[in-house]
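The values are calculated or read from the model by the stated rules, or taken from the named source; none is laboratory data. Nothing here was measured: the structure is a model prediction, and the numbers come from that model. In case anyone asks, the SASA skips ligands and DNA or RNA and just uses the protein heavy atoms, side chains included. Shrake-Rupley method; radii C 1.70, N 1.55, O 1.52, S 1.80 Å.
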Amino acid sequence: MKAKLNFTRPMLNLLIAVFVLTASFKLIAQEKKSTDLKDFKIIVEITENGIKMQSVKGSAWLDLSFSINNDRPQAIDEYGMTELDKVSSEKDANLADFLFTVSKTENGLVLKGIEGTAWTDLRFSLPENGKQEIDQYGMVN
């Protein structure tokens, strides 16, 4: 019985150590991700013809307008409209390095952050010609 007790204590200590290390690595990864983000600011608008975006900061483009079918995503990066399998490998230190998709739904828009955003999924409704500002951290008031 005593041998079993001696085996249980080291296993418990090992499990506690693994848990603590795993938790600390996750916190370090989250901290690094938020500090690696570069500033960008975009105003998104639903128009009669589709979607209009205006870049305020962090991208090479100023205005994008495009039509989009419901539930069909369009990829957007710091250089403008792109395709997920043809993302530019060029990096400009003066631009934010971001990539997200935007798709139109019956209720509004869905944006999925792929690269350079703290958010992974933004969903919001907008009336026609209503505007929503977004940045690397999410929706801005």
What pairs in 52/91; 86/131; 57/131 have C-alpha atoms more than 22 Å from each other? 52/91; 86/131
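What is the percent carbon and sulfur in the accessible area of the range 53-141, measuring with a 1.4 Å probe over the protein chains and ignoring ligands?
Roughly 42 percent, rounded to a whole number.
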Cross-link partners among aspartates and glutamates for residue 38, C-alpha distance below 20 Å, same-chain residues fewer than 8 apart left out? 63, 77, 78, 90, 92, 97, 115, 121, 133, 135
